[in-house]
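Written below as structure tokens is the structure these notes are about.
Derivation of every value follows stated rules applied to the coordinates shown; laboratory data play no part. Values in this document were obtained by computation on a predicted structure and should not be read as measured data. Because the Cβ atoms are built from the backbone with ideal geometry, glycine has one as well, and the counts that use them run over all protein chains shown.
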Amino acid sequence: MRAPAFRKATKGSRISSFYSLPSPALGWNARDSIASMKEAEALIMDNVFPDTTDVMVRKGYTQFATDIPLQVESLMPYNRADGSDQLFCASDDSFYDITSGGAAGSAVQSSLSNARWQSVNFTNSSGTVYLCCFNGVDSPRYWDGSSWVTITAISTPAITGVTVTGLISATVHKRRMWLVQVDSLKAWYLPVDSVGGAANAIDLGGIAYKGGYIMALGTWTIDAGEGMDDYWCAVTSEGQLVVYRGTDPSSASTWELVGVWDVGQPIGRRCLYKYKADLLYVSLEGVLPLSAAITTGRTDQRVALTDKITQAMSSAAALNKGNYGWELLYYPEANMLMLNIPVDEGGNQEQYAMNTVTGAWGGPFQGINANCWCIFGGEPYFGSETYVGKFWDSLSDNGTNIAFEAQQAYTYLGSRGRLKQVKSVRPYILAGGDFSVVMGVNVDFSQNEVTGSISFSAPTYGIWDTALWDSGIWGANLNSYADWQTVNAVGTAVSLRIKGQVKDIEFRYAASDVVYENGGVIA
């Protein structure tokens, strides 16, 4: 079979064509056909985050607290009104105060059954702030700012009316603390403005008709047409969402059922996450805003925040749903919502990261082996093996390189079905220093590894009081690199792929130009 020939240039003619591509700032697409993606999307975004105008290699972490005996599986921030906050972590059978960072020191609680604790901050009627911690096996532990209390039926404070060792998590709703009991459809509530007292229950056994048990409780802010109101909601192990509204669950006149919805099976105890005015739900069908899930129905996958990465999310959920560590984290300063994916417990975790401004996804982030996450002092922290890391505060992973790779969606360069010979590519890169990367061109929907290194001329900047004004180029925090790279690729559809490692520099990819020669139409 003969291939269409490329035109031979006649003297004085120009046969090369030029095409400009934006960066893949629309993010990772793990949903659509490889042949129908937009040019500004990407097939691969490993350790790459889509910013609003370009894409960047994710930032790294430092080890904040060290010398912790085993895996850190829970982080528990304590937030005082005066700002003198504290951070505790759970590892193996103990709690540690890691507020100041560095070596963890002696345990502040010990002889516990496990390190998988849920916590909530609550201020009682006297103004005391409590950090209330539950794991469904041990008696709850409360921190009041000066001492730890083991909660029993006779402690101060105390919880009566329910077996306290079976309480696994809690939430705060309209000045009450609500408690989740292991393997039960009963939700327990305490008196108003209190962290103790007689616990009473509402039984969802006759309402959640699929059975199971309560997985998590949450507060959901809904605009009811007459202003904002907080609704109480419970999600069961069988994927049913039960919603109530009102203030006093002991009174039928002030507590009423709103409805029951099927929203897909939850993943993990931390499946509900307060995000702005909505409540996000981590399920086998993706990360769903509850406001959209109950109005459009669970069959409409487009309502999921993870819609664009549906295939990746579905695969991760199917393979790893039983692993501990599924959790969401919202970091406003970076406009980032992260989903922690425990590929293996205690040693191999990934994160999918969404830009909360554009809705574009990046990831997976690799090299951050996080069992759990929290925001403390406005910054993101994660628990790992023998240490707690502080994320997004470094341009390396605790002093080591950050490896990254990105492959942009395929483009026909403006002429679908026509053969092209790509001759050169000019990537526009913004970086804070020297770097080494490899770049290549894939054709016709292949996903081959790249091997060819690319080189850039170091930018030359003017020296103050030496360079001529209006002639010298003045340096900035990020240097711009835009040198042509020679390539040789022949095909109808073209995809750029870049791979490298960076350390101690910021690295962004803004756009690229392609020079190519057209051949005949493939028939």
How large is ³J(HN,Hα), in whole Hz, for each residue of segment 416-428 in order, when computed from phi with the Karplus curve 6.51 cos²θ - 1.76 cosθ + 1.60 and θ = phi - 60°, using x for Gly and Pro?
-> 5, x, 9, 5, 10, 10, 7, 9, 7, 9, 10, x, 9
For the SER424, VAL357 Cβ pair and Förster radius 30 Å, calculated FRET efficiency rounded to 0.05 is 0.35
Any chymotrypsin sites (Phe, Trp or Tyr not before Pro) in segment 172-231 that lie in a DSSP loop and have at most 12 other Cβ atoms within 10 Å would be TYR209
Hey, got the dipole for the chain? About the Cα centre, +1 on K and R Cβ, -1 on D and E Cβ, debye to the nearest 20?
-> 1920 debye
Grab the Cα-Cα distance for TRP484 and TRP255, subtract it from 0.36 nm times how many residues apart they are, and report the gain in nm with one decimal.
-> 75.6 nm
Between helix 310-320 and the chain: long-axis angle, C-alpha atoms, 0 to 90°, nearest 10 | 50 degrees
One finds the C-alpha centres of segment 172-214 and segment 38-63 to be spaced, in Å, by 41 Å
Just tell me the longest site-free run in the chain, where the sites are GluC sites (Glu not before Pro) in a DSSP loop having at most 14 other beta-carbon atoms within 10 Å.
-> 1-225
Excluding TRP117 itself, calculate the net charge of residues whose Cβ lies under 15 Å from the Cβ of TRP117, where each Lys or Arg counts +1 and each Asp or Glu counts -1.
-> -2
For segment 13-70, run through the trypsin sites (Lys or Arg not before Pro) and keep only the ones in DSSP coil with at most 10 other Cβ atoms within 10 Å of their Cβ.
-> ARG14
Please sort 258-267, 480-489 by packing, taking for each peptide the average over its residues of neighbouring beta carbons within 10 angstrom, highest first.
-> 258-267, 480-489
Which number do you get for Rg(Cα) / (2.2 N^0.38 Å) in the chain?
-> 1.15
According to the Cα gyration tensor, what semi-axes, each the square root of 5 times an eigenvalue, does the equivalent ellipsoid of segment 134-182 have, listed from largest to smallest in whole Å?
-> 16, 14, 11
